[in-house]
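> One structure follows; several queries about it will come next.
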Amino acid sequence: MAWPRAFAAGLKFRSAGDVDIAFLSRLYASTRMDELAVTDWSEAQKTAFLDMQFQAQHTHYHKHYPEADWLVVSHAGHDIGRLYLERWPSQHLIIDIAFLPAHRRKGYGGALLRDLIDEAWLAGKSVSIHVEKNNPARRLYVDLGFVVVEDKGVYDLMACTPADP
């Protein structure tokens, strides 16, 4: 992986394994906190729901994207995020990219996404990702040149294609 912007930002990557499940589950939960804040569920109910949803997502991703890179992102020796990426013959699919709340809006995602775009474009491929319509990071994707190519209900499939030569 030659991701110079991400490395310049201090990001490091390693393959996720069974020892990372607790971290990945906590990270997943952090992406759903705003959504659950408006419910009247108890903390125990929220935890049970998030655990179930994480397990379902984790199982789904591994079943449907068997060749993906499952990466934990770290900064200054601390795990701060995840990147799940599958490289297909026609495109690079960002299955998921997420950072803990304290590490959002610090430029890490933008640096990594620019590197991922460069990698795909050098191979003559587009980059795609499913983005929730209300995801605050959506603006970043648009700024980087991603456009909606398919409305999938709650999500939009967005792609960033190489510029014509």
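The values are calculated or read from the model by the stated rules, or taken from the named source; none is laboratory data. This structure is a prediction, so every number in the text was calculated from the model and none was measured. As a convention, Cβ positions derive from the backbone with ideal geometry for all residues, glycine included, and neighbour counts pool all protein chains shown. Only protein heavy atoms, including side chains, enter the accessible area calculation; ligands, DNA and RNA are left aside. Shrake-Rupley method; radii C 1.70, N 1.55, O 1.52, S 1.80 Å.
> Can you find a residue that is part of a helix (DSSP H, G or I), closer than 17 Å to Ser30 by Cβ, touching a residue at least 12 places away in the same chain (Cβ under 8 Å) and open to solvent by 20 Å² or more (accessible area, probe 1.4 Å) anywhere in region 110-117?
no
One line per residue, one yes/no per condition, for (1) in contact with a Cys (Cβ under 8 Å, 6 or more places away or on another chain); (2) of a type outside the set (Lys, Arg):
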position: Arg87; (1), (2): no, no
position: Phe99; (1), (2): no, yes
position: Gly110; (1), (2): no, yes
position: Glu119; (1), (2): no, yes
position: Ser126; (1), (2): yes, yes
position: Ile129; (1), (2): no, yes
position: Glu132; (1), (2): no, yes
position: Ala137; (1), (2): no, yes
position: Leu140; (1), (2): no, yes
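> Scan region 6-13 and give yes if some residue there is at pLDDT 95 or above and not hydrophobic (A, V, I, L, M, F, W, C), otherwise no.
yes
> Do any helices (runs of 4 or more DSSP H) entirely within region 1-70 hold 2 or more residues that are over 22 Å from Pro101 (Cα atoms) and open to solvent by less than 80 Å² (accessible area, probe 1.4 Å), and if so, which?
Those helices (runs of 4 or more DSSP H) span 43-64.
> Any idea how many residues of region 125-142 are part of a helix (DSSP H, G or I) and either closer than 21 Å to Pro101 by Cβ or open to solvent by less than 30 Å² (accessible area, probe 1.4 Å) (or both)?
Qualifying residue count, region 125-142: 4.
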